[in-house]
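Inspection log for the structure reproduced underneath, given as structure tokens.
The values are calculated or read from the model by the stated rules, or taken from the named source; none is laboratory data. Every value quoted in this text rests on a predicted model; they were computed, and no experiment measured them. Virtual Cβ from ideal backbone geometry, glycine too; neighbours counted across all protein chains shown. The accessibility values were calculated without ligands, DNA or RNA, using every heavy atom of the protein model including side chains. Shrake-Rupley method; radii C 1.70, N 1.55, O 1.52, S 1.80 Å.
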Amino acid sequence: MENHNLTHEFPEYESKINALKLNDDNFKKMYVNYEEVNALIQHYEEGEVNHTTDDHLTDLRKKRVHLKDNLYTYLRQ
């Protein structure tokens, strides 16, 4: 499965991501939410958790994309 960790998605912003996680509560909340959703998707995709529907997994993927878009916008500021 593809790696969707935020620093993998935006390697050019790795130092800014690390700084914002420590110093910006709004960014940290979005980052934690993104990482939680991403981890849940990975568990489903890897078969570690089998109790979901295709619709639920699709909704989680949409949420991840939305969060990633918001985080990217935040990083570009």
Revision key, fill the gap. Filter the stretch 17-48 for residues that are open to solvent by 70 Å² or more (accessible area, probe 1.4 Å) and under 15 Å from GLN77 (Cβ atoms); the one that is nearest to the chain's Cα centre (by Cα) is ASN26
Exercise for review: Find the residue count for the stretch 1-16, including only residues that are in contact with an Asp or Glu (Cβ under 8 Å, 6 or more places away or on another chain) and open to solvent by less than 40 Å² (accessible area, probe 1.4 Å).
Suggested key: 1
Review point. Hey, any hits in the stretch 1-15 for a residue that's out of contact with any Lys or Arg (no Cβ under 7 Å at 6 or more places or on another chain), over 23 Å from LEU75 (Cβ atoms) and at pLDDT below 90?
Key: yes
Review point. Do we find that LEU67 is of a type outside the set (Ser, Thr, Tyr), under 13 Å from ASN5 (Cα atoms) and open to solvent by less than 40 Å² (accessible area, probe 1.4 Å) in this structure?
Key: yes
